[in-house]
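Reviewing the structure listed below.
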Amino acid sequence: MTYFLDKIREQQPLIHNITNLVVTNFTANGLYALGASPVMANAREEVEEMASIANALVLNIGTLTKEQVEAMIIAGKAANKAGIPVVLDPVGAGATTFRTKSAQTILDQVKVSIIRGNAGEIANLAGVSAEVKGVDASGDFDMEELLQVAYEQLHIPLAITGALDFVTDGKDKAIISNGHPLLTKVTGAGCLLSSVVAAFLAVEKETFKAATRAISCYGIAAEEAASKASLPGDFQVELLNQLYAISEDVLKSKEKILVSRLGSGHA
């Protein structure tokens, strides 16, 4: 079994990020720590050229503008032409009409390899929030049902992350229980995760395997960071340190992944 981490460090794939203003620096540092090579380019005048030479593309709509949506579509089409993976992070989908429609427009015009978001974002993007049953008193979705219903609507591999993380390619599903609550106290932790998924996709063509391993790797790095830092500011720095220090041996010994067929019960 391989975690693809050594491949990332050997190949140093170029990850083109069109991302939000809040997380640019943290995302770039996280990718560098992991072993990938980040580039942040969002001008319409250069995104086509940049995407055509990159190894993966991340489209993150966190601080969206009309011009950025146009740039994302240009870059996405160039990535499709070049045959490189595209990760969509639909930050805040459902919060505003513009945000939701922009994500849908990207999906209409760009072939996306995987969507990585939280339950609310994926549900709103798929238009299935009213159909998903099993919502408990805290407002949480029945995650396994959401995973299946959302895939049936979108027909795109999904990574729904939260207290537990879920991945599907329409055939299999993975439930990943690595991670730590301090990730919710650091702005941009989810956005960096989307870019980490892109780095894994850049070196592994099987989307399900790459995304599952990426999310587990990130969760384990968070667990290691939390063992050394108990406050959010320290944790943010230590997370970068652990992304740099983590090894495949550590990943194999600490992974918490259950795999089964989509639509079945727990593995």
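The values are calculated or read from the model by the stated rules, or taken from the named source; none is laboratory data. For clarity, every value in this text was computed on a predicted model and none was experimentally measured. Virtual Cβ from ideal backbone geometry, glycine too; neighbours counted across all protein chains shown.
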Among (1) without any contact (Cβ under 8 Å) to a residue 40 or more places away in the chain; (2) part of a loop (DSSP other than H, G, I, E, B), V69 falls short only on (2)
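Residues are listed down the side, and each one gets a yes or a no for (1) under 21 Å from A221 (Cβ atoms); (2) aliphatic (A, V, I, L, M):
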{"site": "L14", "(1), (2)": "no, yes"}
{"site": "V22", "(1), (2)": "yes, yes"}
{"site": "N29", "(1), (2)": "yes, no"}
{"site": "A43", "(1), (2)": "no, yes"}
{"site": "K81", "(1), (2)": "no, no"}
{"site": "R99", "(1), (2)": "no, no"}
Output the residue which, of all residues in the stretch 253-267 that are farther than 24 Å from A221 by Cα, of a type outside the set (S, T, Y) and surrounded by 14 or more Cβ atoms within 10 Å (Cβ to Cβ), is modelled with the lowest pLDDT. G263
So K81 passes all but one of these: (1) within 19 Å of R44 (Cβ to Cβ); (2) surrounded by fewer than 18 Cβ atoms within 10 Å (Cβ to Cβ); (3) touching a Gly at 6+ places or on another chain (Cβ under 9 Å). Which condition number does it fail? (3)
Going by the conditions given, is V250 more than 25 Å from L59 (Cα to Cα), modelled with pLDDT of 95 or more, outside any helix (DSSP H, G or I) and out of contact with any Pro (no Cβ under 9 Å at 6 or more places or on another chain)? no
Being farther than 19 Å from V86 by Cα, crowded, with 22+ Cβ neighbours inside 10 Å and small (G, A, S) is the filter here, so list the residues in the stretch 144-187 that pass it. A174, G179
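Charged (D, E, K, R), surrounded by 13 or more Cβ atoms within 10 Å (Cβ to Cβ) and not in a helix (DSSP H, G or I) - does that describe any residue in the stretch 229-240?
no
For the stretch 136-209, which strands (runs of 3 or more DSSP E) that fit wholly inside it have 2 or more residues that are of a type in the set (D, E, K, R)? Quick ask: steps written out before the conclusion?
Details: elements: 158-160, 165-168, 172-176.
Correct list: 172-176.
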Mind checking whether some residue in the stretch 234-246 is among the β-branched types (V, I, T) and closer than 16 Å to A28 by Cβ? yes
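In this structure, does L57 turn out to be outside any helix (DSSP H, G or I), aliphatic (A, V, I, L, M) and at pLDDT 95 or above?
Values: outside any helix (DSSP H, G or I): yes; aliphatic (A, V, I, L, M): yes; at pLDDT 95 or above: yes.
It is true that L57 is outside any helix (DSSP H, G or I), aliphatic (A, V, I, L, M) and at pLDDT 95 or above.
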Find the residue count for the stretch 1-31, including only residues that are touching a residue at least 60 places away in the same chain (Cβ under 8 Å) and outside any strand (DSSP E or B). 19
What are the pairs, 6+ residues apart or on separate chains, where a residue within the stretch 211-224 that is buried (at least 24 other Cβ atoms within 10 Å of the Cβ) and part of a helix (DSSP H, G or I) has its Cβ under 6 Å from a residue that is modelled with pLDDT under 95 and among the basic types (K, R)? none
Of the residues in the stretch 26-69, how many are surrounded by fewer than 15 Cβ atoms within 10 Å (Cβ to Cβ) and within 17 Å of P90 (Cβ to Cβ)? 3
Selection count where residues are closer than 29 Å to L21 by Cα and either of a type in the set (D, E) or modelled with pLDDT under 95 (or both), scope the stretch 165-183: 1
